[in-house]
Amino acid sequence: MKLCVIGLGYIGLPTAAMFASNGHYVLGVDVNERILETLGRGEAFFSEPGLGEVVRWTVSERRLIPGREPLPADAYIICVPTPVNPDHSADLSYIERAVRSILPVVRKGNMVILESTSPPGTTRNMVCGILRESGLEPGTDLFVAYCPERVLPGRILTELVHNSRVIGGINTESAVRVRNLYSCFVRGEMYITDATTAEMCKLMENTYRDVNIALAAELAMICEELGINAWEVIRYANKHPRVNLHYPGPGVGGHCIAVDPWFIVQRLPETARMIGLARRINDAMPRFVLEKIRTLMKDIDGTKRICVLGVTYKPDVDDLRESPVIRLISLLKAEGGYSVITVDRHADYEGSRERDLYEAVRGCHLLLLAVNHREFRQVDFRRIRESMAYPCVLDTRNFWPPEEVEAAGLRYHLLGWGRHADEKSPDGGVPVPAGGGIGGPEKR
């Protein structure tokens, strides 16, 4: 079968590669010349386990080819971005352009599948409305469905195969045809429903996590005021068999959790009050961390030098989309009086990729652990202390054992731990097993 995948981003490229490696011929369409040139060389433009090998083989076998415009195909799969506007409404212009781009080539009997995260009703109202301009009727001439992914960066190929899927057709025949198409590589269960229900399902999966993270963030703020440790509260509360609190952090990032809830709020702002409040709480966390930094640096005269470890939105990936750490850095720069240097071998943000931690921390007044990348687990705190102008550490991820940091002569501060300088945790200084991160056990 000939397929056309429109949008070769973090979801579109792996999806195209999976179809191409499972018996189909795929045209991958994008407007980004760098992506097309990279794909033409048989390479993926971002790092993801296993993706490079699949792309290399499918391109070499001419099963996956890049293109700038759609061509006649049996199915069109739309995987373009849906960013939010400044007023938090969904920007559907990419979806609109993608659907309009297939009008000259779409034919009776084709499938049109939307994978892009969208507000409820987008498939039935917007996509089908544009498709009717071709003179073909969705549901009879064209088979239209919404089929969102459920993948975790760092495990995309594995989860594309093994995770369950919800397929929402504009009618049953559309859903069944799309399910049959995806069955070439999906081994998880595939559930059939209507398009609007599938759209809402995708949004609620990420909204559920956003609301729970906001609860953890608010708990962290409360515990700091009460002088107790949010991480201990979470550990012991989660001993309850029906409680699963997530973890706090400097904010929520990525193009799912930090974006999707707004699509629900946009549709029903007066009803989706808790969802909107959770979004605002999480969006405010970089400013809360800024306030904490202000307090820690209040005795430093002149420019405060801060070394930030990690700039990506989650650990061990190269994805900077909606990173709360970058928002925090922007706040520090706007505030004035701070000099920020970043270290992150996963992403190049202002030279972060090539920078050595021990050189970067030289002369700094604060070491800020912002992202719990694996390479930051084992660091030489004594060497760090020798290089710093002021011995202050702020851990936003509960990643480092406090007693180990403080044994090196550094002052350890943890987001959500409102302790006094001489206070120890009841467990001897380690509030919970280190390594927790935003988003709870799944660490998305």
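Of the strands (runs of 3 or more DSSP E) lying entirely inside the stretch 15-111, those carrying at least 2 residues that are under 30 Å from G121 (Cβ atoms) and touching an Asp or Glu at 6+ places or on another chain (Cβ under 8 Å) are 75-78. Selection of the stretch 195-212 for residues being among the charged types (D, E, K, R) and surrounded by fewer than 19 Cβ atoms within 10 Å (Cβ to Cβ) yields only E205. Do we find that V308 is at pLDDT 95 or above, of a type in the set (A, V, I, L, M, F, W, C) and under 21 Å from I341 (Cβ atoms) in this structure? Here the answer is yes, as V308 does meet what is asked.
When T82, T117 are checked against the criterion of being more than 24 Å from E37 (Cα to Cα) and among the hydroxyl-bearing types (S, T, Y), T117 stands alone in meeting it. Of all the criteria given as (1) crowded, with 20+ Cβ neighbours inside 10 Å; (2) within 24 Å of Y313 (Cα to Cα), the one not satisfied by V178 is (2). Please verify whether the stretch 127-148 includes one or more residues that are of a type outside the set (F, W, Y) and within 19 Å of T207 (Cα to Cα). Looking through the stretch 127-148, at least one residue is of a type outside the set (F, W, Y) and within 19 Å of T207 (Cα to Cα). Checking I329, I306, I300 one by one, the residue that is over 18 Å from the mean Cα position of the chain (by Cα), assigned by TED's automatic domain parsing to the domain that holds L366, of a type in the set (A, V, I, L, M) and assigned to a loop (DSSP other than H, G, I, E, B) is I300 and no other.
Please find, among R242, R280, the residue that is surrounded by fewer than 17 Cβ atoms within 10 Å (Cβ to Cβ), within 19 Å of the chain's Cα centre (by Cα) and at pLDDT 95 or above. R280 is the lone residue from the list that is surrounded by fewer than 17 Cβ atoms within 10 Å (Cβ to Cβ), within 19 Å of the chain's Cα centre (by Cα) and at pLDDT 95 or above. Filtering the stretch 101-124 to residues that are farther than 14 Å from C4 by Cα and free of Cβ contacts under 8 Å to residues at least 60 places away in the same chain leaves K108, G109. In the stretch 309-326, of all residues being among the aliphatic types (A, V, I, L, M) and within 23 Å of R385 (Cα to Cα), the one that is nearest to the chain's Cα centre (by Cα) corresponds to V311. Given the options I300, I341, name the one that is farther than 16 Å from E375 by Cβ, touching a residue at least 12 places away in the same chain (Cβ under 8 Å) and touching a Phe, Trp or Tyr at 6+ places or on another chain (Cβ under 7 Å). None of the other options fit; the residue is I300.
The values are calculated or read from the model by the stated rules, or taken from the named source; none is laboratory data. Small disclaimer: the values here were computed from a predicted structure and weren't measured. With ideal geometry, Cβ positions are generated from the backbone for all residues, glycine too; neighbour counts draw on all protein chains shown.
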